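A.B. asks: Quick one: this structure, given as structure tokens, is what I'll be asking you about.
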Amino acid sequence: MVCPAGWLQSVIWISVMTTGLQCEQYGVTHVISTMCAVQQSSVLIPCKYTHPKHERVSAMSWFYEKSLEERVRVVSTDPAFKGRVEFLESSEAGRGNCSLLLTDVRKGDEGIFHFVFRMENSEKNWTDIQGLHLEITDADVEIQPDVVTEGDGMLLTCGSCIPSIILPTYIWMKDGRLLSQDHGNNMLYLCPVRLEDGGQYSCTISGHERLNSSTVNINVRPGYSPRNVSVSMSGSGERVLGDSVNLTCSSDSNPPDHIYTWFKVNESSSVGSGQSYSALQSGFFYCVAQNQHGSQRSAALSVSVAEGKIPVLILVISAAFLTSVILMVGIALLIRRKRVSPSEEQNNRGLQLKAKVESPEGTYMTLDPMSRCSDYDTLHNMKRSCNNTDDTESKDPTYYNTDD
């Protein structure tokens with residue numbers, strides 16, 4: 001049963017009606033939302049619908065839209081599908097089959113298909129709001145990238161999608177000879193590309209060999225960008241502050257790399273250049289190797305430098321320098337002492353003695369005979385008492401007559 005074209009503008013999406021504990025459902029199911037079909041083949045678009053058992057379907061039809069911007073068309077009356085569609089409808093109580101068979105599939109058949117039905121004594125139309133998206137593929141070969149250089153990766157694709165119902169086997173040819181066969185996979189990946197990989201490539205799909213497969217010509221340029229870039233460190237273990245941690249960048253390229261750049265993780269600017277780099281700080285370092293064909297970076301390598309430790313070599317050098325200074329000072333003093341002559345030493349001693357004699361505080365001061373008693377005084381003053389020099393009478397002594 002096919003609904004009239006006037007039904008076109010009144011499509012209403014799926015509704016579910018519930019009464020009490022009994023659920024009466026109206027719906028359309030396509031099982032899958034996307035399908036892929038091979039050009040010039042036939043494709044069955046699966047579809048099922050359900051409705052309450054006590055109700056009867058009064059109309060049903062398939063609708064097609066190329067895109068959201070284009071108008072909806074009725075498949076059964078559209079000239080583009082004339083003679084190529086068959087509605088495989090069957091029904092039983094409360095459910096039915098609504099599959100659509102499309103033959104001689106063409107590239108222009110790509111789009112979204114919707115099945116719509118209506119119940120008796122109702123103006124509501126039931127469908128699947130998503131519908132089913134149909135894609136059409138051929139055996140055209142696509143290649144990425146467009147320019148192929150020795151050492152690069154090359155991806156060849158046969159067709160735009162893989163058929164959904166029956167997975168075919170893809171047959172790849174190179175220069176008219178069988179290259180490979182892959183079931184269910186429409187891609188051929190070559191990595192790394194070699195010079196001998198250049199040539200003409202084509203593909204066919206099993207069961208659809210009558211399709212005209214496109215052919216692509218691949219030219220492989222000699223040379224390749226850096227690969228297998230890695231960083232190595234001389235020695236091992238934890239380094240102390242001041243040590244030189246040498247890092248070396250290596251890679252495989254053709255022509256050989258001529259630019260090496262060093263980076264520290266979490267820093268935007270480079271920290272060095274050249275194939276070797278001396279790291280003086282802790283952190284993760286990596287290098288980027290580059291030639292005329294491209295570049296590649298290495299994995300980061302951890303460098304550990306213990307802060308606050310003085311290298312043993314610095315300690316040894318400092319101790320040796322201090323010892324040398326002490327020895328030089330001692331030798332200089334000894335040489336100067338030996339160079340002083342005996343006469344200079346005697347003169348120095350005389351000067352020291354003279355300074356002691358002339359000093360007012362020296363030991364040899366001038367004696368005052370009037371203020372001191374001496375055992376060597378004259379006989380005239382022998383009778384003078386030395387004990388009472390402060391007595392006034394003693395200053396004018398009395399002389400007695402000794403004749404009596």
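The values are calculated or read from the model by the stated rules, or taken from the named source; none is laboratory data. In this text the structure is predicted, and so the values were computed from the model without any measurement. A quick note on method: Cβ atoms are made from the backbone with ideal geometry, for glycine too, and the neighbour counts reach across all protein chains shown. To get the accessible areas, we keep the full protein, side chains included, count just its heavy atoms, and leave off ligands, DNA and RNA. Shrake-Rupley method; radii C 1.70, N 1.55, O 1.52, S 1.80 Å.
A.B. asks: Would you mind getting the Kirkwood hydrodynamic radius of region 66-138 from its Cα pairs, rounded to one decimal in Å?
C.D. replies: Values: mean 1/r = 0.0710 Å⁻¹.
14.1 Å is the Kirkwood radius here.
A.B. asks: Follow-up. Using the Cβ atoms and a cut-off under 15 Å, what net charge is assigned to the surroundings of ARG221, where Lys and Arg are +1 and Asp and Glu are -1?
C.D. replies: Local charge sum for ARG221: -4.
A.B. asks: Additional query: Excluding GLN290 itself, what net charge comes from residues whose Cβ is under 14 Å from its Cβ, given Lys and Arg +1 and Asp and Glu -1?
C.D. replies: The answer is 0.
A.B. asks: Shifting gears a bit: Working only with C-alpha atoms, what are the Rg and Dmax values of region 98-186, expressed in angstrom?
C.D. replies: Rg, Dmax (Cα atoms, Å): 20.1, 71.
A.B. asks: When the Cα centres of region 146-205 and region 53-73 are compared, how far apart do they sit, in Å?
C.D. replies: Measuring centre to centre over Cα atoms gives 40 Å.
A.B. asks: What number comes out for accessible area per residue over region 46-161 if the probe is 1.4 Å? Units Å², please. Provide the component values of the computation, followed by the final result.
C.D. replies: Numbers: 5700 Å² over 116 residues.
Heavy-atom accessible area per residue stands at 49 Å².
A.B. asks: How large, in percent, is the carbon and sulfur part of the accessible surface of region 141-254 at a probe radius of 1.4 Å?
C.D. replies: Working: 2930 of 6110 Å².
The C+S portion of the solvent-accessible surface of region 141-254 is 48 percent.
A.B. asks: Taking the Cβ of LEU155 as the center, what net charge do the other residues with Cβ under 12 Å away carry, scoring Lys and Arg +1 and Asp and Glu -1?
C.D. replies: Local charge sum for LEU155: -3.
A.B. asks: Using amide H atoms built 1.01 Å from N in the peptide plane, name the residues 5+ places from SER282, or on other chains, whose amide H lies under 5 Å from its own.
C.D. replies: Placed amide hydrogens put VAL305 under 5 Å from SER282.
A.B. asks: On alpha carbon coordinates alone, what is the Rg over Rh value for region 125-280, Rh being the Kirkwood radius?
C.D. replies: Across region 125-280, the Cα-based Rg/Rh ratio is 1.23.
A.B. asks: Let me ask something else about it. Would you mind checking LYS53/LYS82; LYS66/LYS174; LYS48/LYS107; LYS66/LYS124 for any pair whose Cα atoms are more than 28 angstrom apart?
C.D. replies: Those over the limit are LYS53/LYS82; LYS66/LYS174.
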